[in-house]
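Asker: Mind looking over this structure? Questions follow.
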Amino acid sequence: SDLNIAVLVGSLRKDSFNRKLADALPALAADGVRFEVQRIDDLPLYNQDDDTYPPEAARRLKQAITSADGVLFVTPEYNRSVPGVLKNAIDHASRPYGQSAFAGKPAGILGVSIGAIGTACAQQHLRTILAYLDMPTLGQPEMFLAADKVLEDDGGIASGSRDFIQGWLDAYIGFVRKHAG
Ligand code: FNR
């Protein structure tokens, strides 16, 4: 494949809507684009004391992000912000200071919620974090998704949402190619 996208999902839930959305993306992507959902559930809580000898799971995550052409965040909103599990993963891969895996990697943000505003607040908070991490982030189109409209019971993307999400994915892949090129 010629493009490799690291995917970070902000929910550890077995039946996570966000995980289902992340898993449905490869079928919509053009040939040559590979998505790899990164494991974050085995990361310990970030502790700066460990910066000299980071835990194995953190080194694995950093390596995957370093070798990726772009980073796609697919996350729910928890209490109007970014879930702690996702922030923990971001903190791990951003350290030690000066050795962040994220710098310069083109980012995309998707989010599914059961609430009416479809992760808008979490996405805005995430944009603040990604700006600090020096990640160019796709601004438009935005994707605030409602679980009951977007996902079928079997986890596939509902026909009424497919074109919308396809359009977003095409825009994001174009954005990654521009930065990779
Ligand atoms: C939520 N949920 C939620 N939804 C929302 O739209 N805005 C919010 O601020 C919150 N806050 C929140 C906090 C916590 C701790 C939980 C567990 C949940 C509901 C959320 O949208 C719902 O649980 C989704 O199903 C979570 O996404 P996954 O796990 O299905 O991917």
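Asker: Looking at R39, R19, R13, R95, which one is assigned to a loop (DSSP other than H, G, I, E, B) and within 13 Å of the chain's Cα centre (by Cα)? So that I can check it myself, show each step before the final result.
Answerer: Values: R19 fails: assigned to a loop (DSSP other than H, G, I, E, B); R13 fails: within 13 Å of the chain's Cα centre (by Cα); R95 fails: within 13 Å of the chain's Cα centre (by Cα).
The match here is R39.
Asker: Just to verify a result, which residue in the stretch 121-160, among those that are of a type in the set (V, I, T) and without any contact (Cβ under 8 Å) to a residue 40 or more places away in the chain, is surrounded by the fewest Cβ atoms within 10 Å (Cβ to Cβ)? Walk me through how you get there before you give the answer.
Answerer: Here is the first cut: in the stretch 121-160, the residues of a type in the set (V, I, T) are 128-129, 137, 150, 157.
Subsequent filtering for residues that are without any contact (Cβ under 8 Å) to a residue 40 or more places away in the chain retains 128, 137.
Values: T128: 10, T137: 19.
Ranking the candidates gives T128 first.
Asker: Condition first: on the phi < 0 side of the Ramachandran plot and of a type in the set (D, E, K, R). Now tell me which residues in the stretch 73-92 satisfy that. So that I can check it myself, show each step before the final result.
Answerer: Narrowing the stretch 73-92 to residues on the phi < 0 side of the Ramachandran plot: 73-78, 81-92.
E77, K87, D91, listed by residue number.
Asker: To continue, here is another question. Which numbered condition in (1) surrounded by 18 or more Cβ atoms within 10 Å (Cβ to Cβ); (2) within 11 Å of the ligand (Cβ to nearest atom) is the only one that I117 fails?
Answerer: (1)
Asker: Then there's this: Cβ-Cβ below 9 Å, separation at least six or inter-chain, first residue in the stretch 8-33 and at positive phi and away from the ligand (no atom under 13 Å from the Cβ), second at pLDDT 95 or above and not basic (K, R): which pairs?
Answerer: G32/L3
The values are calculated or read from the model by the stated rules, or taken from the named source; none is laboratory data. These numbers were taken from a predicted model, which means no experiment stands behind them. Glycine gets a Cβ as well: all are built from the backbone with ideal geometry, and neighbour counts include every protein chain shown.
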